[in-house]
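Worksheet: the structure to be examined is printed underneath.
The values are calculated or read from the model by the stated rules, or taken from the named source; none is laboratory data. Owing to the predicted nature of the structure, the values given are computational and were not obtained by experimental measurement. Positions of Cβ are generated from backbone atoms using ideal geometry, with glycine treated the same way; all protein chains shown enter the neighbour counts. When the accessible area is computed, the model is the full protein with side chains, heavy atoms only, and any ligands, DNA or RNA have been set aside. Shrake-Rupley method; radii C 1.70, N 1.55, O 1.52, S 1.80 Å.
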Amino acid sequence: RSQESRERLSVCSKLCYAVGGAPYQITGCALGFFLQIYLLDVAQVDAFYASIILFAGRVWDAITDPMVGFFISKTSWTRFGRLMPWIMFSTPFAIISYFLIWFVPDISTGQVMWYLVFYCAFQTLVTCFHVPYSALTMFISREQSERDSATAYRMTVEVLGTVLGTAIQGQIVGKVDTPCVGSPFFFGLTNSSVAMEELNMTHDTGSLTDTRNAYMIAAGVIGGLYLLCALILLLGVRERRESSELQSDEPVSFFQGLKLVMNHGPYIKLIAGFLFTSLAFMLLEGNFALFCTYTLGFRNEFQNILLAIMLSATLTIPFWQWFLTRFGKKTAVYVGISSAIPFLIAVVVLDSNLFVTYVVAVAAGISVAAAFLLPWSMLPDVIDDFKLQHPSSHGHEAIFFSFYVFFTKFTAGVSLGISTLSLDFAGYQTRGCSQPGQVNFTLKMLVSAVPVGLILLSLLLFKLYPIDEEKRSKNKKALQDLR
């Protein structure tokens, strides 16, 4: 009992730990929802090159996760811990590179390279923050219940971070009226290019400058929050070396550990299921702003619709934490993730209606909350199961977390690159007041049909995941005996 008492975490410690998850979600949400429409309609990057930026940035982001996981496994313990120094030194550089993503350089050539370089730089630096932070879950306590509780705190704050990211970016940018350009077909075929050029000259200068300034103001506010959350984490959480060590621990090399991790069946089945789930929600996230603006026609409302999704997700995180405790994590996966399917179908089948769209947004947020909470709640169970099968191998927590993020980010990069490229092929018009029918059809596929198919596939894969509540209880008792 005295040992369990020492392992219990205070509410203050859990809150400080949870706050550390906000920077990744705040910046990730702002980039996920707004970067595509920013590149296309504000920076006015060609859709083909925008697809390259989004694809390359996401893929590079995925590659950096196992790289950082490898270097963390080689990092020696310091008086601050093994993970905390990574968080400490990456923070200021991440903030600078994030701000420069939202800056439109006054250069005639090299604009694509500018966004590619700073997008990849930020993804590298935020990975140096997030991978050690994710692995920190295993170093705050040895008690499974305490880690689950801290994870619930973390997921609540992270979803709140998505609300902040959506609110700050959306409300600041949404206050500015970004001018659109009418279709050249309205001006007659012979003089269409002249008319388009005149329309650009009369509408572009003032309002578009205001829009660009609004994006930079939002980036400055989000950068300040990033710094504040990092300081709270560093000052309020103690990394405990003994929390993840067993009595028989002996060091194993990174590549030996990687081979062991990738041969662990429950881990492969878990990441396969959440791979397609994450892919579905990232496709929805990346294209939803364009879908609301052009397909539904809510140009001045999309930031509020996004905010409704994130607020709903935040408020339902405690419900899903109770649900998985009461009915088990696998049941929570089936119920939580599948609940999005009817609403994703409804948003494209029903006629464009603002009230219906808000109802769908709130309902979708409930499913988003489950998709946020469950992977991070189930990964520690997989690691515990791995420890029982390989009691002489330790220090691989970063590998588990980094490769899970690697697979989800890599596929997200591929999907976002292909989705933006498909909009280019469909005839997307930069800053158009409306889009061709092919573009609207493509957007419907990207936010409804494709995500629904991916969710159904993920639910089939979760049937193969072997760690149910009975297995979790047996593992907990066996780990206590081993320690």
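Restricting to region 89-106, what's the tally of residues that are in contact with a helix residue (DSSP H, G or I) (Cβ under 7 Å, 6 or more places away or on another chain) and either part of a loop (DSSP other than H, G, I, E, B) or open to solvent by 30 Å² or more (accessible area, probe 1.4 Å) (or both)? Of the residues in region 89-106, 8 are in contact with a helix residue (DSSP H, G or I) (Cβ under 7 Å, 6 or more places away or on another chain) and either part of a loop (DSSP other than H, G, I, E, B) or open to solvent by 30 Å² or more (accessible area, probe 1.4 Å) (or both). Taken as a whole, the condition of being among the aromatic types (Phe, Trp, Tyr), surrounded by 18 or more Cβ atoms within 10 Å (Cβ to Cβ) and touching a Pro at 6+ places or on another chain (Cβ under 6 Å) applies to Trp86. On the given criteria, is Val368 part of a helix (DSSP H, G or I), hydrophobic (A, V, I, L, M, F, W, C) and more than 29 Å from Gly297 (Cα to Cα)? So Val368 does not fit the description; no.
Table: residues versus (1) closer than 30 Å to Gln480 by Cα; (2) at pLDDT below 85; (3) in the same structural domain as Phe33 (by the TED database).
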residue	(1), (2), (3)
Tyr215	no, no, yes
Val221	no, no, yes
Leu227	no, no, yes
Leu231	no, no, yes
Gly257	yes, yes, no
Leu260	yes, yes, no
Phe276	no, no, no
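One line per residue, one yes/no per condition, for (1) touching a residue at least 24 places away in the same chain (Cβ under 8 Å); (2) under 30 Å from Phe319 (Cβ atoms); (3) in a helix (DSSP H, G or I):
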{"residue": "Val112", "(1), (2), (3)": "yes, no, yes"}
{"residue": "Tyr119", "(1), (2), (3)": "yes, no, yes"}
{"residue": "Thr124", "(1), (2), (3)": "yes, no, yes"}
{"residue": "Phe129", "(1), (2), (3)": "yes, yes, yes"}
{"residue": "Tyr133", "(1), (2), (3)": "yes, yes, yes"}
{"residue": "Arg142", "(1), (2), (3)": "yes, yes, no"}
{"residue": "Arg147", "(1), (2), (3)": "yes, yes, yes"}
{"residue": "Ala150", "(1), (2), (3)": "yes, yes, yes"}
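Set side by side, the residues Asp468, Asp481 differ, and just one is of a type outside the set (Gly, Ala, Ser), open to solvent by 60 Å² or more (accessible area, probe 1.4 Å) and farther than 15 Å from Leu270 by Cα, which is Asp481.
Here is a check on your reading of the model: is Asp385 in the same structural domain as Tyr334 (by the TED database), charged (D, E, K, R), open to solvent by 10 Å² or more (accessible area, probe 1.4 Å) and assigned to a helix (DSSP H, G or I)? Taking the combined requirement at face value, the residue does not satisfy it.
Is there a residue in region 34-50 that is open to solvent by 10 Å² or more (accessible area, probe 1.4 Å), among the hydrophobic types (A, V, I, L, M, F, W, C), closer than 29 Å to Ala369 by Cα and at pLDDT below 90? Yes: one or more hits. Within region 417-442, the set of residues being within 12 Å of Leu290 (Cβ to Cβ), part of a helix (DSSP H, G or I) and open to solvent by less than 30 Å² (accessible area, probe 1.4 Å) comprises Ser419, Thr420, Leu423, Ala426, Val439, Thr442. Ser367 passes all but one of (1) within 15 Å of Ala313 (Cα to Cα); (2) open to solvent by 10 Å² or more (accessible area, probe 1.4 Å); (3) free of Cβ contacts under 8 Å to residues at least 40 places away in the same chain; which number fails? Just one mismatch for Ser367, condition (2).
The condition (being in a helix (DSSP H, G or I), aliphatic (A, V, I, L, M) and open to solvent by less than 10 Å² (accessible area, probe 1.4 Å)) is satisfied by just one residue among Met138, Met67: Met138.
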